[in-house]
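Nothing in this text is a laboratory measurement; each read-out follows from the coordinates by a stated rule. Not measured: the values here are computed from a predicted model. Virtual Cβ from ideal backbone geometry, glycine too; neighbours counted across all protein chains shown.
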Amino acid sequence: MLIWKTIHFSLLKNNKPLKRRLNDPKNKKVSDQDTLDLNKNKAVETPHNKYLGRFTLGVKERLKSAKSIEYLFSEGKAISAYPLRLVFIANPNGNGPMQCAFSVSKRHFKKAVGRNRIKRLLRESYRKIKPALYEKLPHPYIGMILFNGKEIPSQKNTDKSVEILLEKWLKSLSL
């Protein structure tokens, strides 16, 4: 009984139940999803429309299969925009617009801490630009973004580099 009272009182704050607190107009937290739903009625139907409103990088959007990665490097094409390189290939049986993986060279970054930091920066930059990219893709792709630089970049530089690389890739697809 004592444990229940502890849990019960942890759900109360200022004598208001938790449900009221979450729906309280004073709670002004805005998520990415809230800002995108404003233009929901004006959306144009595209094959990848269900992915447009999400700024996450889900499990189905990550490239993990060893067979797919081997196929990607044996048959794929590459585009570079220093310090990044994109290896890509069309994926006819893909379930999403694009599956992507990220890699950093062990040659330039001996410690895993540096490699993981750069991969986190790359994933975040890709996650931000992903909805705009999905609107422009004609069919599903698989790809891997490789970092070839020698220093850990800032988030701002990573955002610019990823944007430049993906714009260059989209231009090459349309040619």
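The table below lists the values:
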item: Per-residue HN-Hα couplings for the stretch 103-112 [Karplus 6.51, -1.76, 1.60; θ = phi - 60°; Hz; x = Gly/Pro]; result: 9, 10, 5, 6, 5, 8, 10, 5, 8, 5
item: Over 31 Å between alpha carbons, listed pairs Lys64/Lys156; Lys67/Lys128; Lys67/Lys156; Lys67/Lys119; result: Lys67/Lys156
item: Per-peptide average of other Cβ atoms within 10 Å, ordering 147-154, 110-117 highest first; result: 147-154, 110-117
item: Full-stretch length increase - Lys156, Asn95 - with 0.36 nm per residue and alpha-carbon distance subtracted; result: 18.8 nm
item: Simple label model, 7 Å out from Cα along Cβ direction - Ala78 to Ser172, nm; result: 1.0 nm
item: Net charge over other residues, Cβ less than 15 angstrom from the Cβ of Ser68 (K, R count +1; D, E count -1); result: +1
item: Dimensionless Rg/Rh of the stretch 46-174 - Kirkwood Rh, Rg from C-alpha atoms; result: 0.94
item: Stretchable slack from Phe55 to His108, in nm (0.36 nm times residue separation minus alpha-carbon distance); result: 16.0 nm
item: Where labels lie 7 Å past Cα in the beta-carbon direction, separation of Arg85 and Ala66 in nm; result: 2.3 nm
